[in-house]
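J.: One structure coming up, written as structure tokens, with questions to follow.
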Amino acid sequence: MSKHMSRPKDISSLTMRLPKIDPSHNPSNPHPQTGGFNYIPKSFYLYYIDMDNNLPRVRHFFYPGGDDTIDTSLLPDLTPIDLKVQTQNIVDDILSANPLNTHLMQSRNFINVKWRKISYTCFIVDIPKWNFVIEDDPTNTHPMVMSDTNGAYKGNTCFFDGALINFTDPRQTTQPPIPDTLRGFYAINHMTKNLNGDLLTDPRYPQNFGFNICFSVPYSNQLNGEEMICIFDPGGENIGPPVGPP
């Protein structure tokens, strides 16, 4: 994780000082109307990020069942509403007294993340006061910045259709709990190797890439809304292509 010096809280403080990113590669944009981009996901990956003993913890989930090598071709399509409902079910289980962990994967942290399916990729950050910020485009509401393995911000060719998505925290003491108090976001990983929509189909040629998640974090003794800009840089290796049917 890298940190930037704090700035006064205005629009410039919410602008990440990163190299310019081609707006057409923004994860919050609709997908190009070509090729493999038109496949609707039937599954999703969820990364739940919180703190454990004051240290970051990342738990990996795959819907359905926790095994992303299964054939999902006969499963129903998932709309963003379906994504929210099924993810909320996982959140409720994570935060219950005796979680079943039905969709939990064996992977942990952000080490050697592998995306095998055309799917939603959803992140939830359960750290109080950590708020998502935009990148270098003030009109962009997506907090994830894509990069290649060398850290170059050249955009991406597969993550589109993204949006912020928040969830109800079942630990809230109000009855019913206040809705949408856990912060999250998602994008669709179309598993495409270029903007023509050509799919990654040959396991000899995986696509390697990285990503950063950008936050603004208030100081404990802040005056005038001072915040520190922080970036989660997961590291590791994030690769495709799909295994078996999408």
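The values are calculated or read from the model by the stated rules, or taken from the named source; none is laboratory data. Being a predicted model, the structure only gives us computed values, none of them experimental. Because the Cβ atoms are built from the backbone with ideal geometry, glycine has one as well, and the counts that use them run over all protein chains shown.
J.: Identify the residue in the stretch 159-175 that is hydroxyl-bearing (Ser, Thr, Tyr) and at pLDDT below 80 and, among all such residues, is farthest from Asp233 (Cα to Cα).
T.: Thr174
Listed here are the residues, each with its yes/no results for (1) modelled with pLDDT of 95 or more; (2) of a type in the set (S, T, N, Q).
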site: Asp71; (1), (2): no, no
site: Leu78; (1), (2): yes, no
site: Asp82; (1), (2): yes, no
site: Ser107; (1), (2): no, yes
site: Ser119; (1), (2): no, yes
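J.: Can you tell me which residues in the stretch 82-130 are in a strand (DSSP E or B), surrounded by fewer than 16 Cβ atoms within 10 Å (Cβ to Cβ) and of a type in the set (S, T, N, Q)?
T.: Gln106
J.: While we're on this one: Out of (1) touching a strand residue (DSSP E or B) at 6+ places or on another chain (Cβ under 8 Å); (2) surrounded by 15 or more Cβ atoms within 10 Å (Cβ to Cβ); (3) aliphatic (A, V, I, L, M), the odd one out for Met51 is which?
T.: Result: Met51 passes all but (2).
Let's see how each residue does on (1) of a type outside the set (S, T, N, Q); (2) over 20 Å from the mean Cα position of the chain (by Cα); (3) at pLDDT 90 or above; (4) outside any loop (DSSP other than H, G, I, E, B):
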| residue | (1), (2), (3), (4) |
| --- | --- |
| Thr157 | no, no, no, no |
| Pro177 | yes, yes, no, no |
| Gly184 | yes, no, yes, yes |
| Ala187 | yes, no, yes, yes |
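J.: Something else now. Looking at Leu74, Leu78, which one is within 13 Å of Ser43 (Cα to Cα), assigned to a loop (DSSP other than H, G, I, E, B) and free of Cβ contacts under 8 Å to residues at least 12 places away in the same chain?
T.: Step by step, each of Leu74, Leu78 is checked, and only Leu74 is within 13 Å of Ser43 (Cα to Cα), assigned to a loop (DSSP other than H, G, I, E, B) and free of Cβ contacts under 8 Å to residues at least 12 places away in the same chain.
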